[in-house]
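The block underneath contains the structure these notes are about, expressed in structure tokens.
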Amino acid sequence: LLWDGGTRVLVQLSPQFRGRVAGLCGDFDGDASNDLRSRQGVLEPTAELAAHSWRLSTLCPEPGDLP
């Protein structure tokens, strides 16, 4: 895990995790077209909706228009 001190994080996984993870960074199966899956497994149309499904607190605001 590498962090640039700002807003970017780089996550690198070993090949043994291919297709065995899920979350905000996708499922690491080599197919970027299915990376926007919600926590419920639904393929979301936007990154905002996919990310919102993985929130841990109900205090996080609902997704909406970006400022």
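The values are calculated or read from the model by the stated rules, or taken from the named source; none is laboratory data. Fair warning: this is a prediction, and the values are worked out from it, not measured in the lab. Please note: Cβ atoms are built from the backbone with ideal geometry, for glycine as well, and neighbour counts cover all protein chains shown. Calculation scope for accessible area: heavy atoms of the full protein, side chains included, ligands and nucleic acids excluded. Shrake-Rupley method; radii C 1.70, N 1.55, O 1.52, S 1.80 Å.
Tabulated results
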quantity: Residue, most open to solvent (accessible area, probe 1.4 Å), within the stretch 32-67, restricted to residues that are assigned to a helix (DSSP H, G or I) and touching a Gly at 6+ places or on another chain (Cβ under 8 Å); calculated: 32
quantity: Checklist (1) open to solvent by 60 Å² or more (accessible area, probe 1.4 Å); (2) under 12 Å from the mean Cα position of the chain (by Cα); (3) of a type in the set (D, E, K, R) applied to residue 8, failing item; calculated: (2)
